[in-house]
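Encoded as structure tokens, the structure appears first; notes follow it.
Every read-out reported here was derived from the displayed coordinates using simple, explicitly stated rules and does not represent laboratory data. Remember, it's a predicted structure, so these values are computed and weren't measured experimentally. We place every Cβ from the backbone using ideal geometry, glycine too, and count neighbours over all the protein chains shown.
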Amino acid sequence: MLFLDELRWRGLVHQITDDSGLSDWLQQQARTLYAGFDPTADSLHVGSLLPLMLLRRFQRAGHKPIAVVGGATGMIGDPSGKSQERNLLSAERITENVEGLRSQMKRFLDFEGGSHSAELVNNFDWTGSWSYLEFLRDVGKNFPVNVMLAKDSVKSRLGQDETGLSYTEFSYMLLQAFDFVHLYDSYHCELQVGGSDQWGNITAGIDLGRRMRGAQLYGLTCPLLTRSDGAKMGKTEQGAVWLSAEKTSPYHFYQYWINVDDADAGHCLRMLTELPLEEIEVLDQSREADPASRQSQKRLAETLTDLVHGPEGLVKAERATSIFFGAEIEGFRDAELEEVFPDVPSKALPRARLADDEGLTLVDAFAEAGLAKSKGEARRIVQQGGAYVNNRRLEDPRACLTEEHLASETVMVLRSGKRKYGLLRFE
């Protein structure tokens, strides 16, 4: 399968500026391409996975990827797909955000790959020193206003009453278009890739390259990452799913993909992973034959967590997930258990109660944790075999709990029956 044909099979091609010529052009020799990333936060999120994976796929096919972090354009904000103007960020905040994105991209791209090494650049480096007059003279004169007004990102905002489109946002297209020209001059970069909402900006860069340099440039967009109901993926009740472990833990990241609907699992496997066609088709069949096994979701969660958080992050996520399948709970940190049991009732007790051999019995613990309304009910739970401490069944109502029964620094996890949990915290 030709490279571009594989991208199509994976559902990664939305629009191409030269559909008939791009495939042959890519086969002739190694090419240089770029994608832009907006530094509005110090971490990328799930929506950034598609352009990141596009760059990664191109690099693995022998091409040279450039990731452009918009230190300059981020000060303005891309109006594409937005109904109102973004809050402008300070230069200091954007610098901090750029460094955060830089560290994350190293998991996806090879920056030491010889002639195919990835490059990470900041467009503030070539636009920050420009004066307004220089920009108008050198770039602005090459932009017909009627062409800019025809772009969907502009038209969709012009009809609004008070907010409309500011001149600042209107200028965004010029800045991003010149990125393409600069990268053509500096790296002989001839292809820009991005999400479908970037089509207007990409074609503006192609047009500017033709006017300023007489260059033949190309553009390719992929669909936005959406669910089968049309909503954007990577959103939860708690907010965005980030690629930063500090913002979204490996456990919660893993859980997001484990819980993807069957209707969405197939295209996520194609678009976001590098699993071969044959394996994906087997997983497609498993969703039809045995949907309860959720093999597609498990493979998706495993692959993406390993890519984003590394083997250690995957081990932590799988270990935390195994708790709900009865695995014994030991050697965790308090913070990890808080992630697994964010809404489980908990109670704080003096740590001294664990020091005395007769201080805290199993029956006392279940009553204290609210898993039984009385000690009598707690005793019946134990006698009927439904009492678990850190997922280990205990059958002696008089058993004393000590520090050896802690699952982490301060937390003990109690379970009644199959699904009813309570936490005791010893401070």
26, 89 arranged by Cβ crowding within 10 Å, fewest neighbours leading: 89, 26
Listed peptides 96-105, 277-286 by packing density, highest first (mean Cβ within 10 Å): 96-105, 277-286
Percent of beta bridges antiparallel (DSSP, the chain, rounded to nearest 5): 45 percent
Angle in degrees between helix 277-289 and the longest Cα principal axis of the chain, rounded to the nearest 10: 50 degrees
Computed magnitude of the charge dipole of the chain (debye, nearest 20; Cβ of K, R +1, Cβ of D, E -1): 540 debye
GNM top mover of 316, 106, 375 - the chain, alpha-carbon springs below 10 Å: 375
For residue 64, distant residues with modelled amide H under 5 Å away: 31, 32, 33
The chain: angle of helix 295-322 to the longest principal axis, Cα-based, in degrees nearest 10: 80 degrees
Using distinct alpha-carbon pairs, which all enter the 1/r mean, Kirkwood radius of segment 342-426 in Å: 12.4 Å
Segment 3-222: relative contact order as a whole-number percent, Cα under 8 Å and 6+ apart: 28 percent
Euclidean distance of C-alpha centroids, segment 1-32 and segment 176-252, integer Å: 16 Å
Potential lengthening between residue 187 and residue 373 on full extension [0.36 nm per residue; Cα-Cα distance subtracted]: 59.9 nm
Sorted by Cβ density within 10 Å, fewest first, the residues 157, 210: 210, 157
Amide H contacts of residue 410 (H built 1.01 Å from N, under 5 Å, at least 5 apart or other chain): 334
Under 12 Å, Cβ to Cβ, from residue 98 - net charge with Lys/Arg +1 and Asp/Glu -1: -4
Gaussian network model of the chain, Cα within-10 Å springs - most flexible of 48, 244, 117: 117
Counted charge near residue 374, where neighbours are those whose Cβ lies closer than 14 Å (Asp, Glu -1; Lys, Arg +1): +1
Full-stretch length increase - residue 167, residue 285 - with 0.36 nm per residue and alpha-carbon distance subtracted: 37.3 nm
Antiparallel bridge percentage (DSSP; both residues within segment 3-222; nearest 5): 10 percent
Spin-label pair residue 28/residue 211, simplified geometry with 7 Å Cα→Cβ offset, distance in nm: 2.6 nm
For segment 196-274: Kirkwood Rh in Å [reciprocal of mean 1/r, alpha carbons]: 15.3 Å
Signed unit charges on C-beta, dipole axis of the chain, positive-most listed residue 184, 315, 120: 315
Rounded, prolate or oblate (a/c below 1.5 giving rounded, otherwise prolate when a/b exceeds b/c) for segment 233-346 by Cα gyration tensor: prolate
Extension reserve of the residue 383-residue 328 stretch, reckoned as 0.36 nm per residue once the Cα distance is removed: 17.8 nm
Cβ-Cβ FRET estimate between residue 344 and residue 6, R0 fixed at 41 Å, reported to 0.05: 0.35
